[in-house]
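FYI, it's all coordinate maths here, none of it is from the lab. Not measured: the values here are computed from a predicted model. Note that we place each Cβ from the backbone using ideal geometry, even for glycine, and neighbour counts take in every protein chain shown.
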Amino acid sequence: MKGGSGGFMNEQLKKYIDPVRNFFGKLTKRTKVILCAVLGGIVALAVILGLLMNRTQYTVLYAGLASDEAQQVTTELKNMNVDFKDDNGTIYVDSSKENSVRMQLSNEGYPKTAPNYNFFTDHVGVMTTDEERKIIQQYQLQERLGAVIKTMDPVDTAYVTISLPEGGSYAWDDNKQAASASVSVKLRPGKTMQSTQVAGIKQLVSKSVPNLSAENVAVVDSSSGEELSASSGASGDSLQITLSEFKLKIEREYENNIQQKILSLLAQAYGKDHISVSVKSRMDLDKKIQDIVTYTPSTSDGRGVVSHSDEEYEQTVQGASSGGGVAGAQQNTETTTTYPGVTVNGNVITTRDKKTYSYLVSKVEEQIQSDAAALDDLTVSVVITTDGMTDARRQELTGVIANAAAVDPSKVAVMAVPMAESLPASQAVPTFAQMLPQILRNPAVLIAGGLLLVLAVLLIVFLVARRRRRQADVMSRLEPEGGPMPEEGEGEFQPLAPETEPPQPAEGAAGAESAEGAEGEQPAEEAGEAEEEGAEENVKQPPQEPEEKETIEDIRNAQNSKEDKVRNDLQSFSSKNPEIAAQLIRSWLKGEDDHGHQ
C-alpha cells in the first residue's frame with residue numbers, strides 16, 4: 001500500500017513537472033538566459049526592498065555636543081531603550097522617535113552645550129510666511145548668542161531673550177519703542193564675572209540686533225536674581241569715567257522725562273509745533289551716611305532727657321557760739337554734734353550741699369546710607385509761539401510748569417514769540433496794482449509802450465504776408481504740367497536747361513554782355529528757351545488726354561521728376577560752360593536784389 005501511494009504521488013508530480021520541463025526544453029538557449037536573468041533580478045529586488053523596509057532611518061538629534069555631555073546623553077538614551085549612533089558629538093536617533101526623545105531629553109535639561117544652528121533651516125519651508133520667518137530667525141539668533149556667551153570661563157549656562165518692537169506706520173514717531181534684550185547667566189561654582197565681561201556681553205548683544213543700544217541690555221545672574229553691572233569692580237580712572245557717564249545718563253533721562261511732561265501739558269492749549277522746552281538738571285551722586293539718635297524722656301516734665309546733672313551748694317554764716325547746747329541747760333557730753341556738709345570754725349558756720357542726678361531714658365539710633373542720585377538743581381525754559389500773551393497768563397503758565405517739574409517758580413522762564421512779524425509800512429514792498437497808476441503818469445513809459453505795440457503789429461503783418469506768399473508758392477507748384485510754370489520761389493531760381501547744343505562762346509559772351517547791360521533781356525531769353533523746350537517736349541511726347549481725377553501725390557511726383565531733370569541739365573550745362581553759368585547766376589541775383597529793393 002505504501003509503495004502504491006508513493007507511485008501515485010510521483011505520477012501526480014510528473015503531471016506538473018513534465019509540462020514545465022517540456023516548456024523549457026522547447027526554449028532556445030538565449031531565451032533561457034534572459035528568463036533566468038529576469039527571475040534573478042526580481043529575487044534581488046525583493047531582497048533589497050526587504051532590507052530597506054526593515055532598515056532604521058536615523059536623523060540628527062543633537063550636533064556639536066561636548067564629549068562629557070555626549071556621554072550623558074547616550075546614557076540617557078540607553079536608559080530609555082532608544083537605538084542611537086554617536087559620531088564625535090553628533091547623536092543620531094530613529095526619525096520616527098525624534099520628537100518624543102527630544103522632549104524627554106529637554107525635560108532632563110539637555111542639551112547644555114550644543115547650539116542648535118539648524119533651527120532656522122529645519123523650520124523654514126516653502127509655505128512659511130514672512131512673519132514666521134522673522135520669528136524663527138529671532139529664535140535662531142537667541143540660540144547663537146547664548147552659545148557664544150557660554151564660551152566664557154565663568155558662565156555655565158546662558159539664555160538670551162530679545163524683544164523687538166512692532167514696526168510703526170510712520171517713519172518719524174516720538175513714541176516709538178526701542179528694542180531691548182535680557183541675558184540670564186548661571187555662573188560656575190566659585191566663579192565671578194568681571195565688569196569688563198558684563199560690558200562685553202552687552203556689546204555683543206547690542207551689535208547683533210539692529211537699533212539696540214547697550215543700555216537696553218540687562219545681564220542677570222540667575223542664581224541670585226541680581227543684575228550685573230558693567231561698572232562693578234572697576235577701579236581708578238575707569239571708575240571715574242564710569243561714574244561720569246552714569247551721571248550724564250541719569251541727568252538726560254530725568255531731563256527727557258520732565259520735558260515730555262511739560263510738552264504733553266502745553267500741547268493741548270498751543271499745539272506741539274508751537275512749543276519748545278529746554279530742561280537742565282544737576283544730579284548729586286555722592287554717597288551719604290546719616291546717624292540719627294532720638295532720646296525719649298521717661299517723664300512728662302521733660303527732665304528725663306537729662307542723662308547726668310551735678311549741683312553744688314555752699315553757705316557761710318558768722319555769729320556767737322552757743323557751745324552746741326540748749327540755753328539754760330548744762331552740757332552732759334564731752335563732744336559736739338556734727339552734720340554732713342556743715343563745718344563750724346569758731347563763729348563761722350559753712351554749709352555745703354552737692355546733688356547728682358542720673359535718669360534712665362530711652363534712646364533710638366538710626367543709620368541711613370543713601371546710594372541713589374539726588375536732584376541738586378533744575379531749571380526749565382519754555383518758548384511758546386503765540387500772540388498777545390499777558391503777564392497774568394505768563395504767571396499762570398509759570399506756576400503750572402513749576403508744579404509739573406516739582407521746582408520753585410523762580411527756576412522757570414516762559415517766553416512768548418509772535419506768530420509772524422510783518423515789515424513796517426515804510427519797508428513794505430508795493431504790489432504791481434499799487435505801482436500801475438504811477439507808471440501810467442510817466443510819458444516816456446507811454447511812448448515806449450506805443451512803439452512796442454506798433455512793432456508788434458508790424459511783425460504780425462509781416463509774418464501773415466510771408467505765410468500767405470509761401471502758401472501761394474506751394475499751390476502754384478501743385479498745378480498740372482500743362483498749366484503755367486511756377487514762379488521763382490523765395491531764394492530759389494528755376495533755370496531751363498537747353499536740350500540743344502550749348503551756345504557758341506561768341507554767343508555766350510554776347511548773352512553775358514546783354515545780361516549785364518539790361519535786366520529785361522534775360523527774362524525774354526528765358527521765355528524763349530522755355531517755349532522752345534515746351535515745343536520740343538510736345539514733339540517728342542504726343543499729347544494725351546488729361547485724366548479725369550489726378551491725385552495730389554501724382555502731381556507732386558511729376559513736379560519732383562521735372563525739377564530733378566532741370567537740376568541735372570543745369571549741372572551738365574554749368575560743368576561745360578562755367579563762365580556762362582556764373583554770368584547767369586550773377587544776373588539772376590542782381591535781378592532779385594533790384595526786385596527786392598523796389
(message) Run the reach check for Lys32 against lysines, Cα to Cα strictly under 29 Å, same-chain hits fewer than 8 apart removed. What comes back?
(response) Lys14, Lys15
(message) Longer than 27 Å from Cα to Cα, which of Lys186/Lys249; Lys150/Lys249; Lys134/Lys249; Lys207/Lys247 are they? Say none if no pair is.
(response) Lys186/Lys249; Lys150/Lys249; Lys134/Lys249
(request) At 0.36 nm per residue, minus the direct Cα-Cα distance, what do Leu446 and Val464 gain on full extension? Give it in nm, one decimal, please. (result) 3.8 nm
(request) Report, ordered by chain and residue number, the lysines lying within cross-link reach of Lys355, taken as a straight Cα distance under 27 Å and ignoring same-chain residues fewer than 8 apart. (result) Lys363
(request) Express in % the proportion of alpha carbon pairs of segment 9-54 at distances exceeding 17 Å. (result) 56 percent
(message) Sort Lys29, Lys191 by Cβ crowding within 10 Å, fewest neighbours at the top.
(response) Lys29, Lys191
(request) Just grab the label-to-label distance for Leu39 and Ser476, each label 7 Å out from Cα along the Cβ direction, in nm (one decimal). (result) 11.4 nm
(message) Output wanted: per-residue J couplings in Hz (rounded whole) for segment 280-288, from phi through Karplus 6.51 cos²θ - 1.76 cosθ + 1.60, θ = phi - 60°, x for Gly and Pro.
(response) 10, 10, 9, 9, 10, 9, 6, 6, 10
